[in-house]
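Accompanying notes for the structure given below.
Read-outs: derived from the displayed coordinates by stated rules, not from any lab. Only a predicted model underlies this, so the values are computations on that prediction, with no experimental measurement involved. FYI the Cβ positions are ideal-geometry reconstructions off the backbone, even for glycines, and counts take in every protein chain you see.
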Amino acid sequence: KSDTFSSFMELSMERVQKYGHLGFIVPYVWMFISSYENLRNEIVHNKTISSLIQLEYNAFPEACVPVCTFTVRNYNCDVSGEYIKLSDFPGSDNQVLKTVEAINDPECGYRYTTKSKLFKAIPGCSIAYWISDDLKEAFRAYQPISDYFIPKFGMSVGETERYIRNWFEVAVGDIQFNSTSEADFIRSNSKWNIMDKGGSFRRWYGNKYHVVLWENNGAEIRHNPKSAVRSPQYFFKPHVSWTLVSSGKFSARYFEEGYILDTASNCLYFHDNQVDYYVLGFLNTKLAQNLLDAVHTTNYSCGVIGLLPFNNDRMYKLEVDSLVKQNIEISKEDWDSFETSWAFESHPLIKFKRGSNKIEHAFESWAEVTDERHRRVHENEERLNEIFNKIYRLDHEMIDDIDEVEVTIRRADRTREIKSFISYAIGCMLGRYSLDAEGLSFAGGKFDLDKYQRYEVSRDNIIPILSESYFENEIVSKFIEFLKASFGEESLSLNIDYIAESLGKKKSDTSMETLRNYFFNEFYDNHVSVYSTRGRTSPVYWMFTSGKQKAFNCLIYMHRYDKTTLSRIRTDYVHELQMRFDAERNSLVSIIEGGGSAREVSAVKKELKALDLKIAELKDYEEVLHHMADQQIEIDLDDGVDVNYGKFEGLLAKRK
């Protein structure tokens, strides 16, 4: 045995006489996890559970432990047991109160009555006491999904940091996005291929962030003893995918041709490569979730999904296929509306401004679009629930309604959209995007200034972000010019006010001050959070900052960095700022020496003290910058952000 409690349970059942009773308080993992299947089989086939209470995680104030308490007859008989489920009632005090309530009121909603022998119908004899007899019957009545599809989980690369990147880290020209086969990828001579690596709760389409180093058909990974390349014959084929480990609800997504599968993702492949939308429709229903809840606790492995009973009655096939295809299409439109998608074309506030020169009107148009998308998917999902409840003859007990928060189509959010609009503007400033074309304008390769006509791109790849307007090309000035280029000059003042209000403008600040404060204090943290995936923080714009006083800050675009960038930052900006600070200091000293009221002198001295801190910080920063500029540091985009960012320790902002 791998633990003491299950050994003790088995020993106790051996030692107690045949018609005796036993009572336990033990971890409730034995009820669900596959490693305890033999123990469950023994209890379900040869014993009889009389009563069981599954306590909530925080049932005991001394420790957070998942336990159950139960009594069991040491023999098999055809009597029902009583079960109480307290998982929805957190806190130690609630456990007693809710247990007594359930004892006194069998109809309370969290007390269940069922026979132990009925657990035989559930794969692995899971003690899923809360599911109905009809739901248990589904496991008996229908063949498992694995009889119709090919469940697989992906490869383990062994060294994730070495072989896997977010797609926006590397040069986009080195990525293959649409290979249909191994031979197709080899012909492309690409270094990287797109990868399905799970992700957060999202239905129908999305979670497409990652690429894997697959140069020479993955030779380096294949020969790495730490790697395990599983089922390569299924690489690049379309499939239905989901995330292996999830603390929340299950969600499945469609992946077209072109992907290599990671171990964090599990999937169903189709026989003869014939895409079956019907199974995706089933997997994203409440019915599927209830069936899954009966057979799993900690992960959604392909083996677990393969156990689900699949009713292959295709009476509703045409309607199901139509609904699923609509949901995939809408979810793809939603996914591609944000710049972390490689199919992103233009910011929604520009794409949907519909002739208006006011950002407020553009946001209203965008909100209408997202509300309609959300409504359609919500209605489609409820209809799919209704259809599959009928197919499984469970419409008398399963409800079709779903909570709107479960719909994974993002509705317009004013603050988020304005922040992402600002991010898009910075992309246009630094050359990642252009107002003259859709999609990426530059993400590695040879930079072409001719791509940027409507709005002038930064020629030196450096945008200063300072507390005041010390440079003509500082970020607030560049943003104002972007607003003029994208929405015209006529409504400039109204647009600035709308943006400032969206960012949480304070009554004491002007709109321009709000803008500057956002760039100075918040933008970079927001950028880092947007360009982060599970366990990987990969900003494409880098903030060089002098330190706590923020005497000097500037943004660069990592794909345009070259070995002269540090020298240009130092000579064109830091040195210039030092001279400006010195001039300011001389002016303040003159005011103090010239006399004035005590209050005026005190205020100037306070300003001088703050300036001296900045001057000292900038002096130290310049020395480090000088030292590193002389090294003419090169970066390799294939190494990813973690490695390249680390080369500039002491110069860059922390990635929170």
Item to check | Rounded to whole Å, sorted largest first: equivalent-ellipsoid semi-axes of segment 529-656, Cα gyration tensor | outcome: 36, 17, 10
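Between D636 and S590, what FRET efficiency comes out of the Förster formula 1/(1 + (r/R0)^6) with R0 = 51 Å and r the beta carbon distance, rounded to 0.05?
Details: r = 51 Å, r/R0 = 0.99.
Computed FRET efficiency for S590 and D636: 0.50.
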Next on the checklist: If you fit an axis through the alpha-carbon atoms of helix 414-430 and take the longest principal axis of the Cα set of the chain, what angle between them do you get, 0 to 90°, nearest 10?
Outcome noted: 50 degrees
Next on the checklist: Taking 8 Å as the Cα distance limit and 6 or more residues as the minimum spacing, I'd like the relative contact order of segment 392-536 as a percentage.
Outcome noted: 18 percent
Checklist entry - How far is helix 286-295 tilted off the main Cα axis of the chain, in degrees rounded to 10, range 0 to 90? => result 70 degrees
Checklist entry - With the radius of gyration and the Kirkwood radius both derived from the Cα set of segment 350-393, what is their ratio Rg to Rh? => result 1.36
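Quick check: residue separation of E364 and L492 times 0.36 nm, minus the Cα distance between them. What number comes out in nm?
Working: separation 128, 0.36 × 128 = 46.08 nm, distance 1.78 nm.
In short, 44.3 nm is gained.
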Item to check | On Cα atoms only, tilt of 37-46 relative to the major axis of the chain in degrees | outcome: 30 degrees
Next on the checklist: I'd like to know which of N216, A629, S146 lies farthest towards the positive end of the charge dipole of the chain, counting +1 on Cβ of Lys and Arg and -1 on Cβ of Asp and Glu.
Outcome noted: S146
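Just give me a number: lysine pairs in segment 273-406, eight or more positions apart or cross-chain, with C-alpha atoms less than 19 Å apart. Numbers along the way, then the final one.
Details: K286/K317; K286/K325; K286/K390; K317/K325; K317/K390; K332/K351.
Close lysine pairs found across segment 273-406: 6.
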Checklist outcome for this item: Contact order relative to length for segment 151-215, counting C-alpha pairs under 8 Å separated by 6 or more residues, stands in percent at 35 percent
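Given Cα pairs under 8 Å that are at least 6 residues apart, what percent is the relative contact order of the chain?
Numbers: 1101 pairs, mean separation 63.4, N = 656.
10 percent.
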Item to check | Within segment 231-304: Cβ-based charge dipole about Cα centre, in debye rounded to nearest 20 (Lys, Arg +1; Asp, Glu -1) | outcome: 240 debye
Item to check | Mean projected area (nm²) of the alpha-carbon convex hull when segment 46-88 is viewed from all directions | outcome: 3.5 nm²
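Eigenvalues of the Cα gyration tensor times 5, then square-rooted: what semi-axes does that give for the chain, in whole angstrom, largest first? Before the final figure, lay out each step's value.
Numbers: eigenvalues 623, 183, 135 Å².
Calculated on Cα positions only, the semi-axes equal 56, 30, 26 Å.
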Next on the checklist: Rg and Dmax in Å for segment 1-146, alpha carbons only: what are they?
Outcome noted: 15.5, 45
Checklist entry - Using bins 10 angstrom wide from zero, how does P(r) for segment 326-452 break down, in % of all Cα pairs? => result 12, 33, 27, 15, 9, 3, 0
Item to check | Of I402, M429, V245, farthest towards positive along the dipole that unit charges on Lys, Arg, Asp, Glu beta carbons give the chain | outcome: V245
Checklist outcome for this item: Surrounding charge for F519, neighbours by C-beta under 15 angstrom, Lys/Arg +1, Asp/Glu -1, total -2
Next on the checklist: Counting C-alpha atoms alone, how compact is segment 97-189: give Rg to one decimal and Dmax as a whole number, in angstrom.
Outcome noted: 25.0, 71
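Which value, in debye to the nearest 20, gives the size of the charge dipole of the chain about its Cα centre, when Lys and Arg are +1 and Asp and Glu are -1 at the Cβ? Could the numbers behind the result be given before it?
Values: 80 positive and 98 negative charges, 227 e Å.
In debye, rounded to 20, the chain gives about 1080.
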Item to check | Sequence ranges 526-534, 625-633, ranked by mean other-Cβ count within 10 angstrom, highest first | outcome: 526-534, 625-633
Next on the checklist: With N set to the number of residues, divide the alpha-carbon radius of gyration of segment 502-554 by 2.2 N^0.38 Å and report two decimals.
Outcome noted: 1.34
Checklist entry - By a straight-distance test (C-alpha under 14 Å), which aspartates and glutamates pair with K654 as possible cross-link partners, with residues fewer than eight away in the same chain excluded? => result E522, D525, D642
Checklist entry - Straight-line reach from K47: which lysines have Cα under 30 Å away, leaving out those fewer than 8 places along the same chain? => result K1, K18, K85, K98, K115, K117, K120, K136
